[in-house]
Every structure is written in structure tokens, then in C-alpha cells.
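What follows is a structure written as C-alpha cells; I'll ask about it next.
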Amino acid sequence: MIIIGAGLGGLALAHGLRKQGIDVAVYERDAHPGARPQGYRIQLDEPGLTGLRECLPAALFELCLSTAGAPPARVSVRNRRLDVLADKAAAHSSAAADVSGPRAFNRPTLRQIMLLGLDGQVHYGARLVGYGHDADGRVTARFADGRTATADLLIGADGVNSAVRGLLLPGARVEDAGLRLVYGRIPLDGSTRAQLPSWVFESIFTVVTGGPGQPHLGLGPVEFGRRPEEAGRALTPPVDLSPVGDYVACLVGAPADHPAMPPFAELRTLAPAALRDLALRWTGEGWHEDVHGLLAHWDTDSLFPLRISTAAPVPHWQPGPVTLIGDAIHAMSPVLAMGANTAVRDAGELTRALAEAAGRGEPFVRAVGRYENRMREYASRIVADSRQTGQQRVGQR
Ligand SMILES: Cc1cc2nc3c(=O)[nH]c(=O)nc-3n(C[C@H](O)[C@H](O)[C@H](O)COP(=O)(O)OP(=O)(O)OC[C@H]3O[C@@H](n4cnc5c(N)ncnc54)[C@H](O)[C@@H]3O)c2cc1C
């Protein structure tokens, strides 16, 4: 099997298939694993934790958990004066994975752990530019540097701008969700933590909303159960995980049509200090002093801009030797924190379907059809829920 993309979905799938004794190779366009920043916090609950447990070797799953934070399993919504508008148990409990509640991972750490055990199976600097169907029913992938690779099944796990989706389903559209974010971190040392308001640490994620059509703030603490570098050193044999300290992931977002929002082409060129100034303008007058206090601790160098996209519904298609998982087929806005959860679920579902097919001696394409039918159903529901919640809370289109 060939997987295109070594993101969370593609790596989970690679482990899942290996566990089932299925040969797999991953092709990633980045030149090496550290070629670009991987973002900050990622929250996994259900179905992500079950998918991760299903796919990863047990020791790696335990390593993921031991390095993750376990903040209170609540999601809070406050107005800009910080009155509580909603305070709910995080929607999806993780009983199925035998893990008590959601976990806040440091995304680069999670990815580093998920790359363990795949030595020689992840090929870097390999940007897929095309594929073709061979006479024997196999698929040959073509990469920008002239490499090719042939397999029974090609899986596009290549994210929101998926090249595989563009070739397989040229009519599938990804829409601008009408939200722009400035995303960064508030590093936590002992003294900073004591200066931050306690409500930041009472929920796994807090949204402070300025109201319809107005900017919002999102906050998610990442306080490690065990420092990744220590957890890695304690293994036999030890593994090298990059050192990282506790932090609060902190984003300021606003609708694309907000009067103080530059076009995205301009936003993406702004230096971190200019992004900070802009976000501070969005959250100026009328916002509680705690918000200003929090943003004073924002690490300017950590800031980068994001445009949020969401997948439009895709009409049914016939299964074949090319399929898609994760953002490549169901990109969604991050308001429900379900994109990676669903990508990892896809990995578990596709692994199970392929293992069953192998066990029964069925052609792979039947397994692909079963996986796609299930995925279309659960993913379309969660994309629609994310859109609706985004419209209610943060002015998504
Ligand atoms: C601010 C923010 C916060 C979020 N927080 C959460 C959260 O808390 N919980 C959650 O569940 N989800 C969250 N998400 C969503 C989550 O980040 C995505 O859903 C998830 O990363 C999708 O994983 P993926 O493997 O499908 O794609 P990706 O992680 O995007 O990986 C795709 C990979 O494919 C590679 N690639 C792309 N094109 C090619 C090509 N042509 N050839 C070869 N390789 C290619 C890329 O380099 C990349 O490595 C958040 C999103 C945002 C923007």
C-alpha cells in the first residue's frame, strides 16, 4: 500500500497496516520531519483515542498518553466580559479507549512519536503530482522529482489541499470557512502560570466570543503529564523526543469580513509583531482586562496566521484502488476539535476493513467501499456539526 502524506492520519494508518502485516510505504512532500512547524496543541478524545490505540503499537500509544496533558474535560464559552455562556462536558468521552477523558497533546511531540518504528518506510521530499492505473489493476504514483511507486492501493492522506483528491474527485470542493486566526502560545513557567487567571486551566478549551460577527479568543492548556524528553529517555531503548515546556495554546480569530481584517494574501505576509498588533486591536475596547493580561504573555515569535477551510458535501463515488482519509476528504473548521480525531478514526476504520478483506481473501476494493460508506456517513455529520457550531460561536460562514 502507498500512503501519500505523513500527517497524523497517514502515520496512524501506516502503523495500523504494519500491525496487520500489510506492506506500507509513506510518501511525504516535506524534505524531512522537521522541515516546517507542525502547530501546537491537539486535543484527542473520541473517536481519536480509540483510533490511535487501534493503530499504534501498545508501547507507542502509552508513550503518547504519558506525554499528553489531561486538563478538565470541559469546554467553556464566555462572552468578552467573561460571563459563562456555556460550560459543557467535552462532548465525546473516551471510555472506548479505556482512557479517562480527553487529552491535550503537543502536536510536534505526537508526530515525533508516531514516526517511531517507521524507519525506512517514510520517504521524504516526495510530492505527489499524479497517478495512473496500470493494466494489472495496480496504481502507480508519480512524484515531482521523477520518482514513481506502484501498489495495490493508494491512500491520499495529504491534507486539506490534497493532490490525490484533486485527481480522484475533481469536483470535490473545499470552501473558505470565512475565519482567519492568529495562532500562538503562552509559555508557562511557574511565575507566568500564577499570573494567568485560574479559569484558563478549568477547561480543556475555552472560547471567549466577542459576539456575532466579532473576533474571538481560544485557549487550551498543554501541561505535560511527563516531559516528552524525559519520557523518551526512560524507554528501553531510549528515544529522542524534543524538549518542550508547558504552555497555553492561544489563538485570536475573526471573520474574514471583519472591518479590521486585511485580505489573507496580506495577512500571511505579516511579521509576528504585526500579527500581534492586529490581534490586540481586534480584542481591544470592551474586552475584560483578563484577556488583555493573557495576551500580554503571548509569545510574539510563536505567532502565525491561518485561514480555515471546510469541505463541501461530495456526491457518492465508486470505490477503486485509490481512496482518501482525513482532511483530504473531510476538512472541517477546528471549533469542535474533531479534524484529527476523525482522521485517526479513518485510519482505524480503513485498517480494519483491509485486514478483514485480507483475511477473507476478498479484493481490496471491497474493503475500500465498506470504509468509504461508513466514513461518508460519520464524516459528513461531523463536518456539518463543526460548521453549525462555528456559525453560532465564532462567525463561520
Ligand atoms: C488551529 C487548529 C487547531 C486544531 N485543533 C484540533 C484539535 O484539537 N483536535 C482535532 O482533532 N483536530 C484539530 N485540528 C484539525 C487537525 O489539525 C486536522 O484535521 C488534521 O491535522 C488532519 O490530519 P491529516 O493527516 O488528514 O492531514 P495533515 O495533518 O494536514 O497532513 C497532511 C500531510 O500530507 C503532506 N502532503 C500534502 N500534500 C502532499 C503531496 N502532494 N504529496 C505528498 N505529501 C503531501 C503534508 O505535508 C502533511 O504532512 C485543528 C486545526 C487547526 C487549524
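How far apart, in nm, are two points set 7 Å out from the Cα along the Cα-to-Cβ line at ALA312 and at ASN373?
With each label point 7 Å from Cα toward Cβ, the separation is 2.8 nm.
Each residue of segment 272-278 in order: what ³J(HN,Hα) in whole Hz does its phi give by Karplus 6.51 cos²θ - 1.76 cosθ + 1.60, θ = phi - 60°, with x for Gly and Pro?
Computed from phi, the couplings for segment 272-278 are x, 5, 6, 5, 4, 4, 4 Hz.
Using a 7 Å offset from Cα along Cα-Cβ at ARG397, what residues in segment 331-347 end up with backbone N under 14 Å from the label point?
Answer for this model: 333.
On to the next question. Which part of segment 223-267 falls in the paramagnetic zone of ASP189, meaning amide N under 13 Å from the point 7 Å along Cα-to-beta-carbon?
Residues passing the 13 Å test: 245-246.
Which whole-Hz couplings ³J(HN,Hα) result when phi for each residue of segment 155-169 is put into the Karplus expression 6.51 cos²θ - 1.76 cosθ + 1.60, θ = phi - 60°, listed in order with x for Gly and Pro?
10, x, 10, 9, x, 4, 9, 2, 6, 5, 4, x, 7, 7, 10
Assuming R0 = 22 Å, what is the FRET efficiency of GLN388 and GLU175, from their Cβ-Cβ distance, to the nearest 0.05?
Here the calculated transfer efficiency is 0.90.
Using alpha carbon centroids, what distance separates segment 291-349 and segment 160-229, in Å?
If we compute the Cα centre of each part, the gap is 11 Å.
Right, here's the next one. With +1 assigned to the C-beta of every Lys and Arg and -1 to the C-beta of every Asp and Glu, and no other charges, what is the dipole magnitude of segment 7-114 about the Cα centre in debye, to the nearest 20?
Dipole about the Cα centre, nearest 20: 460 debye.
Quote the Stokes-Einstein diffusion coefficient, in whole µm² s⁻¹, for the chain, based on the Kirkwood radius over alpha carbon pairs, a temperature of 37 °C and a viscosity of 0.692 mPa s.
D = 151 µm²/s.
Shifting gears a bit: Roughly what % antiparallel, to the nearest 5, for the DSSP beta bridges in segment 2-394?
75
Let me ask you something else. To the nearest 0.05, how large is the calculated FRET efficiency for TRP199 and ARG381 if R₀ is 25 Å and r is the Cβ-Cβ distance?
That pair, TRP199 with ARG381, gives E of 0.20.
Which residue, LEU13, LEU324, LEU294, tops the fluctuation ranking in a GNM of the chain built on C-alpha contacts under 10 Å?
It is LEU294.
May I ask you to list the trypsin sites (Lys or Arg not before Pro) in segment 1-85 that are in a DSSP loop and have at most 13 other Cβ atoms within 10 Å of their Cβ?
Here the trypsin sites (Lys or Arg not before Pro) that fit, given the DSSP loop and packing criteria, are ARG81.
Further, regarding this structure: Using a 1.4 angstrom probe, figure out how much accessible area segment 2-394 has per residue, in square angstrom, rounded to the nearest whole.
Accessible area per residue, segment 2-394: 42 Å².
Next up: Carbon and sulfur together cover what percent of the accessible area of the chain at a 1.4 Å probe radius?
Carbon-and-sulfur percentage of accessible area, whole number: 50.
I would also like to ask the following. For a paramagnetic label modelled at 7 Å from the Cα of LEU85 toward its Cβ, which residues of segment 369-392 fall within the zone defined by backbone nitrogen distances under 18 Å?
Of the residues in segment 369-392, 385-392 have backbone N under 18 Å from the label point off LEU85.
Loop by DSSP (not H, G, I, E, B), at most 15 other beta-carbon atoms within 10 Å: where is the longest site-free stretch of the chain for chymotrypsin sites (Phe, Trp or Tyr not before Pro)? Present the calculation step by step, with values, prior to reporting the outcome.
Details: sites that count: TYR124, TRP317.
Formally, the longest exposed-site-free interval is 125-316.
Hey, got the dipole for the chain? About the Cα centre, +1 on K and R Cβ, -1 on D and E Cβ, debye to the nearest 20?
I would put it at about 460 debye.
May I pose another question? Under 5 Å between amide H atoms, partner at least 5 residues away or on a different chain: which partners does ALA104 have, H built in plane at 1.01 Å?
GLY69, ALA70
The values are calculated or read from the model by the stated rules, or taken from the named source; none is laboratory data. For clarity, every value in this text was computed on a predicted model and none was experimentally measured. Cβ coordinates were reconstructed from backbone atoms using ideal geometry, including for glycine residues, and neighbour counts include every protein chain displayed. Areas reflect the complete protein model, heavy atoms only, side chains present, ligands, DNA and RNA absent. Shrake-Rupley method; radii C 1.70, N 1.55, O 1.52, S 1.80 Å.
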